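Each value in this text was obtained by applying a stated rule to the coordinates, not by laboratory testing. Small disclaimer: the values here were computed from a predicted structure and weren't measured. With ideal geometry, Cβ positions are generated from the backbone for all residues, glycine too; neighbour counts draw on all protein chains shown.
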Amino acid sequence: MTLSQIRIVGSGLIGTSIGLALATAGKSVTMIDIDPQAQKLAQDLMGTTESKVGAEVTIIASPLSTISQVISEEIKQGFNLGFIDISSVKTNTVVEVSALGLDLSNFLPTHPMAGREVGGAESARGDLFQGRPWILDSRGVSEELLNAGREIIAICGGHLIDMPVAIHDQAVALVSHLPQIMSSALAAQLEGAPAEWLDLAGTGLRDTTRIAASNSHLWREILTANRQALTPLLDKVIEDLKSLQLSLNSESAVEEFMKAGNRGRSMIPGKHGGVARNYTFLPVVIEDKPGQLAALFDECATAQVNVEDLTIEHSPEQYTGLITLALSKDGAEKLYQHLLKQGWSAHSPR
């Protein structure tokens, strides 16, 4: 069947972003939230009023600690295909839902691997999940509900990955939850630092502490819920840092610590879960005036090259900025030659 009516309980960043993607695709979306103002804002963003017709599927996008309570209330109202959960930790959730007496064939555990360091319906984006992994566990789920989940993921632009919940929790502990802890730990060291020191902060500090701005209430639930998977990872980090501390007088030991980081970084795959990519970087100096970045991307389109990533370096009162484009080796060389011919201040790819 093709979905037409979807109910989303939880009008925060993720729930509203899913709703926006579905509404854009012509689906009727009803937003529900314990906070009437958040619910109204989310519903207004959908561009439609709350539907009085029963939904085929209900997406549970409420906080982790409320999922079983929300589903219990939703069960009382009756349901069609069942429920889709989008929480960050899966094992405990499945256990709690099972305790409600719900047939687990009517419950599809999923997790869209996307988010922002800002929350709320006002931060929602319909393209938030484009190209991002969206994990689900299809085991024991009815074919109808599973197809509904697949349709929702496809509409949102997610990259579907079928993974058992226990493996999911171990994986996200490493690639999502541990980075949040490390970012928060680093940012916490800045408390009490002299303002003139922080004025020296560059992109390294800003990049590594970006997610430290995440919602502490949300993350306290996630980290405690996934403590079993996180504990051995933290033990390893503490061991590595202690070893570094004791070896700071050894240049070879410090270099090996850095090389281990190099090796780990190189293992991170490219877009859409593809194989790791070794990008070539093309520096381009642009003038500090409106339209320059857009004009540069027009040149990329003309040269028919695909930009994988970019960084921008610009200081206040500086009349120029440095754009570093990440491309394939051939793409970087092709764009470099094109930009030179068009009079751009491009520098040799590296």
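Between 0 and 90 degrees, the angle of helix 292-303 with respect to the longest Cα principal axis of the chain falls at about 90 degrees. Can you flag which of Lys90/Lys259; Lys289/Lys334; Lys289/Lys341 are past 31 Å Cα-Cα? Listed pairs above 31 Å: Lys90/Lys259.
Please identify which residues in the stretch 209-227 have an amide N closer than 16 Å to a label point set 7 Å out from the Cα of Val95, following the Cα→Cβ vector. Under 16 Å, as judged by backbone N against the label point of Val95, lie 222-227 of the stretch 209-227. Between Ile167 and Thr324, what is the FRET efficiency for a Förster distance of 41 Å, r being their Cβ-Cβ separation, to the nearest 0.05? FRET efficiency, Ile167 to Thr324: 0.70.
Compared with the dominant Cα axis of the chain, that is its longest principal axis, helix 329-341 is turned about 60°.
Tell me the label-point distance for the pair Leu174, Arg265, using the 7 Å Cα-to-Cβ offset, in nm and rounded to one decimal. In this crude label model, Leu174 to Arg265 measures out at 1.9 nm. FRET efficiency for the pair Lys341 and Thr311, taken as 1/(1 + (r/R0)^6) with r the Cβ-Cβ distance and R0 = 30 Å, rounds to 0.80.
Going by the alpha-carbon gyration tensor, a ≥ b ≥ c the square roots of its eigenvalues, is the stretch 168-246 rounded (a/c under 1.5) or, if a/c is not under 1.5, prolate (a/b greater than b/c) versus oblate?
Details: a/c = 2.37, a/b = 1.48, b/c = 1.61.
Oblate shape, in that a/c is at least 1.5 and b/c is the bigger or equal ratio.
Between Ser65 and Ser250, the FRET efficiency estimated from the beta carbon spacing at R0 = 45 angstrom works out to 0.45. Packing here is the average count of other Cβ atoms within 10 Å per residue, and on that basis the peptides 79-89, 112-122, 240-250, highest first, run 79-89, 112-122, 240-250. Remark: the Ser72-Leu104 segment gains 10.2 nm on full extension, using 0.36 nm per residue and subtracting the alpha carbon distance. Computed from Cα atoms, the angle from the helix 36-46 axis to the main principal axis of the chain rounds to 70 degrees.
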